[in-house]
Amino acid sequence: MREKLLRQDPVLQAIRDPDFPAILAVHVARVHVQPRPIYFIRTLPYRVTSIPHEGTVAPLTDFDTQLRAAVTRRLALPDPLPPTALYSLSQPVGKGHGGIGLLPLDNVAAAAKWASAAASATDVQRFESDAAPLPFQLDRKAAYASLLREGIAVAEDAINVYTQIEVSEDEADEWKFKGDPRLRLLPSNPDAIVTFYASQCRIPMLQRTLSACLASERRRRFVNDPLHTRPVQGRLYSCSARESGSWLQPSLRTHNLSDDQFEIAFRYRLGLDPVPFKLVGDCVLCGLEIKEQWHALSCKKLQGKKTNAHDSVMRLLGRYATSNDVINSLHLHDDGKLVPDGEFHLPRETVLVDHSGVHSMSSSNRNKVPGAGVKIRAREKVNKYRQHALDAQARFVPLIADRFGRLHGEFHKFIALIDANSLQCGTPSATRMSQSQFEIELAVLWQQWTAKIVYSYLQRCRKARYGAFRAARG
Ligand SMILES: [Zn+2]
């Protein structure tokens with residue numbers, strides 16, 4: 001088995017290769033190397049895949065370690081990673097999780113084993129023996145016990161088949177893309193596996209549903225751990241929005257992040273410092289004390305770059321609206337900041353909008369309740385422009401996003417409103433930007449600007465220091 005896993009070596013080499021784009025390297029590590037080890041977990045006994053032999057590491061653990069080392073080296077991450085960064089690296093990307101998606105095989109082993117046991121249960125039933133249990137019986141008991149330990153719940157005794165489990169509309173909606181909510185529960189004992197899954201040999205959502213539940217359990221335990229401070233909770237909250245991780249997915253339809261930009265965005269999402277060295281003392285540009293390593297994002301002297309970032313988001317929004325037949329105009333060079341950033345004319349109403357980004361890890365925001373910085377900014381915008389909108393018989397909508405890419409609820413609704421007002425019917429035109437396309441482009445643009453601001457900050461600090469040195473030399 002170790003030899004078979006070694007056949008993935010070229011993939012590990014590709015991940016480490018600096019000529020291979022970083023975004024693809026991480027994508028390969030997340031998605032493409034998983035099927036083979038998961039196939040082994042599903043088909044071979046635990047004692048082969050996951051239990052160490054004669055002083056060696058278990059093959060799957062060994063493979064996991066090598067894969068992580070390849071990614072860490074490729075992105076020049078600190079080794080070892082701090083626990084909170086390691087947690088983010090190992091959680092799924094999607095809504096409610098907010099990780100990078102490099103799931104350790106240990107985390108998926110029990111769900112994979114149990115799902116494969118359920119799929120083959122009917123076929124192997126006749127070989128079952130209590131007197132001399134076969135490996136498949138031992139493994140399924142072990143997987144069941146491990147799932148219970150990790151917090152998976154058991155169905156009530158009265159439930160014999162999972163299809164009897166009732167699901168509310170809200171639950172069905174929440175699980176729409178994640179799995180089957182009825183499969184979250186296990187039978188009351190592992191030997192009921194055949195009847196509980198109705199003797200089906202295909203239960204496609206079982207592994208996925210249980211894996212999602214395990215990830216949610218890990219998240220719940222992690223977030224509620226009193227050792228984790230407000231900034232960690234705030235970061236996890238921001239990253240758990242569906243749209244905030246869109247930049248991790250390589251896309252053929254939009255531009256992707258360059259390697260440098262990807263590394264910065266990656267570090268930000270993991271809660272690491274932007275660069276491998278510490279910024280200390282007072283900021284050479286604004287003179288204020290550096291209270292957190294992402295000071296570049298709040299430094300007053302970088303206001304110009306932040307205005308550029310703001311304007312490019314508004315231009316993207318204008319392009320999105322135009323492609324969906326919504327007439328709009330932008331007011332980006334309003335120095336007095338007296339009118340909102342844009343006006344959007346829909347058939348039934350005029351909507352005025354103003355956009356702003358919030359650095360939720362800034363020294364003033366990082367200890368607030370997660371998401372509070374964004375809400376406060378939205379309220380400020382509403383207070384500022386409410387009267388203006390009333391006078392114009394228009395509605396005002398604040399478009400606030402935090403630096404991780406989480407959008408305020410009103411921003412979401414506005415994007416959906418434009419999509420709903422599109423006049424295009426029948427076959428969508430090639431030039432129309434869909435809502436999801438807009439969200440991906442926005443996520444990429446947003447992280448590109450974060451990287452640009454950080455790089456610009458570092459360059460300007462160097463310039464200022466060299467200037468001071470030159471002046472001292474006379
Ligand atoms: Zn500064």
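The values are calculated or read from the model by the stated rules, or taken from the named source; none is laboratory data. Since this is a predicted model, take the numbers as computed values, not measurements. Positions of Cβ are generated from backbone atoms using ideal geometry, with glycine treated the same way; all protein chains shown enter the neighbour counts.
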Within the range 359-377, is even one residue closer than 26 Å to Leu346 by Cβ, more than 16 Å from the ligand (Cβ to nearest atom) and among the small types (Gly, Ala, Ser)? no
Within the range 230-239, is there a residue that is among the basic types (Lys, Arg) and either out of contact with any Cys (no Cβ under 6 Å at 6 or more places or on another chain) or away from the ligand (no atom under 16 Å from the Cβ) (or both)? yes
Tell me which residues, restricted to the range 102-137, are free of Cβ contacts under 8 Å to residues at least 12 places away in the same chain and assigned to a helix (DSSP H, G or I). Arg126, Phe127, Gln137
Within the range 261-309, work out how many residues are more than 13 Å from the ligand (Cβ to nearest atom) and touching a Cys at 6+ places or on another chain (Cβ under 7 Å). 1
Any residue at all in the range 392-412 that's more than 14 Å from Asp354 (Cα to Cα) and either in contact with a His (Cβ under 6 Å, 6 or more places away or on another chain) or not assigned by TED's automatic domain parsing to the domain that holds Phe438 (or both)? yes
Close pairs (9 angstrom Cβ cut-off, 6 or more residues apart or separate chains): touching a residue at least 60 places away in the same chain (Cβ under 8 Å) in the range 169-182, aliphatic (A, V, I, L, M) anywhere: Lys178/Met205; Lys178/Ala212
What pairs come up if the first residue lies in the range 287-305 and is at negative phi, the second is near the ligand (Cβ under 7 Å from one of its atoms), and their beta carbons are under 7 Å apart, counting only those six or more places apart or on different chains? Ile290/Cys283; His295/Cys283; Cys299/Cys283; Cys299/Leu285; Cys299/Cys286; Lys300/Cys286; Lys301/Leu285; Lys301/Cys286
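Right, Leu338: part of a loop (DSSP other than H, G, I, E, B), assigned by TED's automatic domain parsing to the domain that holds Ile418, under 25 Å from Tyr455 (Cβ atoms) and more than 16 Å from the ligand (Cβ to nearest atom) or not? Break it down into steps so the answer makes sense when it comes.
Values: part of a loop (DSSP other than H, G, I, E, B): yes; assigned by TED's automatic domain parsing to the domain that holds Ile418: yes; under 25 Å from Tyr455 (Cβ atoms): no; more than 16 Å from the ligand (Cβ to nearest atom): yes.
Against the criterion (part of a loop (DSSP other than H, G, I, E, B), assigned by TED's automatic domain parsing to the domain that holds Ile418, under 25 Å from Tyr455 (Cβ atoms) and more than 16 Å from the ligand (Cβ to nearest atom)), Leu338 does not qualify.
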